[in-house]
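Throughout, read-outs are computed from the coordinates displayed, never taken from laboratory work. Note that this is a predicted model, so its numbers are computed, not measured. No Cβ is skipped: glycine too gets one built from the backbone with ideal geometry, and neighbour counts run over all protein chains shown.
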Amino acid sequence: MFEESAHLLRARMCQWLRNHDAALAAYQDALSANPASFAMATRIAYLLAQRGRLAEAETFLERALAIRPDDADTMFNLGFVRHQQHKEEQAIATFREAVRLKPAQDRAWYGMGVALRALGRYDEAIAADEEATRLQPMNPHAGTSSAWPTARSVMPRR
């Protein structure tokens with residue numbers, strides 16, 4: 001426990017000093033000291049995603065979910081990282097799992113709508129956007145769903 005705490009303290013200090021490579025190394029040392037640390041796996045994933053290393057971030061988010069499979073926020077983050085990699089089908093499935101775990105998570109509904117739209121599944125995207133808007137009416141991004149019925153009516157059908 002002490003070893004993990006020492007690595008965590010070093011990682012936070014490096015992060016505060018904006019030395020992200022050293023912070024990442026310290027978080028990885030902390031995870032090596034305690035391989036079952038959900039917090040370390042998610043922190044590593046966050047830093048990797050911030051640095052555009054999305055495939056690696058995805059791996060660490062999956063590792064975190066192996067430790068705590070019912071964490072809706074981490075499930076959302078995994079969906080987001082998958083969407084950023086254009087893995088839309090996987091992203092949609094992951095967002096669906098996030099809203100199953102936490103139905104009121106408006107971000108997951110919104111993310112699902114974005115991924116569905118990327119695949120041209122507009123009716124499903126509208127439904128997801130409407131749920132996101134219902135849950136969080138002040139979300140300016142989810143509110144754009146009101147334009148989709150009009151846009152859909154002028155789009156060619158596939």
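So for each of 104-112, 24-32 I average, over its residues, the number of other beta carbons within 10 Å; can you give me the resulting order with the highest mean first?
Peptide ranking by packing, descending: 104-112, 24-32.
What shape does the stretch 14-115 take by its C-alpha gyration tensor, where a ≥ b ≥ c are the square roots of the eigenvalues and a/c under 1.5 counts as rounded, a/b above b/c as prolate, and the rest as oblate?
Verdict is prolate for the stretch 14-115.
For A104 and A6, compute 0.36 nm times the residue count separating them, minus their Cα-Cα distance, and round to one decimal in nm.
Using 0.36 nm per residue and subtracting the Cα-Cα distance, I get 31.6 nm.
Explain nothing, just the number: relative contact order of the chain, from Cα pairs under 8 Å at least 6 residues apart, as a whole percent.
The normalised contact order for the chain reaches 12 percent.
For the chain, return all DSSP H helices satisfying: extent of Cα atoms along own axis at least 15 Å; mean Kyte-Doolittle hydropathy at least 1.0.
The answer, listed by residue number, is 38-50.
Go ahead and set up a Gaussian network model of the chain, Cα springs under 10 Å, then flag whichever of G113, G79, G52 fluctuates most.
G52
Quick check for me: using +1 on Lys/Arg Cβ and -1 on Asp/Glu Cβ, what's the dipole size of the chain about its Cα centre, in debye to the nearest 20?
380
Just how far, in whole angstrom, is the stretch 62-119 from the stretch 11-30 if you go by their alpha carbon centroids?
Computed from Cα coordinates, the inter-centre distance equals 27 Å.
Name the most mobile residue of A127, A41, A115, meaning the one with the largest mean-square fluctuation, in a Gaussian network model of the chain with Cα contacts below 10 Å.
A127
Which residue, R96, R18, R134, has the most motion in a Gaussian network model of the chain that connects Cα atoms within less than 10 Å?
Looking only at R96, R18, R134, the largest GNM fluctuation is found for R18.
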